[in-house]
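The values are calculated or read from the model by the stated rules, or taken from the named source; none is laboratory data. In this text the structure is predicted, and so the values were computed from the model without any measurement. No Cβ is skipped: glycine too gets one built from the backbone with ideal geometry, and neighbour counts run over all protein chains shown.
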Amino acid sequence: MRPNPLTLLLACACLGLVPACGGSEPAAPSGPSPEEALAALRADAAALRARAEHQDPEVTLQHCLIGVAGHGTPATRSAAEAEALAAEVYARARSGEDFDLLVKNHTDDAHPGIYVLSLAPGAGPGVYARAQMMPALGDTAWRLAVGELGVAAFDGDAAEPRSPFGWHVVRRLK
């Protein structure tokens, strides 16, 4: 007797051999260890802080806020847990995972987390003057090339740019 193909598919799905359907994230590919990801996050954040800012009058960015409990977000994680999760999200984004999906599943800000920032005050509807935003976003955005990823550190880190809310994994879109 031949097994029913639907029965086989269901059995494979139960064993985890068939990916689940829907809008969830794919399983994280094997990448750096948590320690390596954390070291890369810290090194890349420091390297970005050392860069000169570009002079583009306007930037569009998308960010994933990994918030820290008690710092203006609904997050319940400690500063160390936030940094570890930011390192994981950053590593996954750098490895080519869908950044928008990472933002959707991990941000403590509203999805999609896209902002247009301008050097000019009152630049128009939906555009925020850089001076209106926390320094972490502007300082990071004005150091990134289009398409590049960067990180803004949590306030607990004494370096700039920093955020009072948590870690920001940022992609410059325009």
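The residue of the range 118-134 that is surrounded by the fewest Cβ atoms within 10 Å (Cβ to Cβ), among those that are outside any helix (DSSP H, G or I) and of a type outside the set (Gly, Ala, Ser), is 125. When the range 45-101 is filtered for residues that are part of a helix (DSSP H, G or I) and closer than 30 Å to residue 121 by Cα, the ones remaining, listed by number, are 45, 46, 47, 48, 49, 50, 99, 100. Only one of the numbered conditions (1) modelled with pLDDT of 95 or more; (2) under 15 Å from the mean Cα position of the chain (by Cα) is violated by residue 143, and that is (2).
Tell me which residues, restricted to the range 50-61, are surrounded by fewer than 19 Cβ atoms within 10 Å (Cβ to Cβ) and either among the charged types (D, E, K, R) or under 16 Å from the mean Cα position of the chain (by Cα) (or both).
Correct list: 51, 53, 56, 58, 60.
Taking the condition of being buried (at least 16 other Cβ atoms within 10 Å of the Cβ) and not β-branched (Val, Ile, Thr), how many residues in the range 105-117 meet it? Within the range 105-117, residues that are buried (at least 16 other Cβ atoms within 10 Å of the Cβ) and not β-branched (Val, Ile, Thr) number 6. Being buried (at least 17 other Cβ atoms within 10 Å of the Cβ) and touching a Leu at 6+ places or on another chain (Cβ under 7 Å): is that true of residue 172 here? In short, yes.
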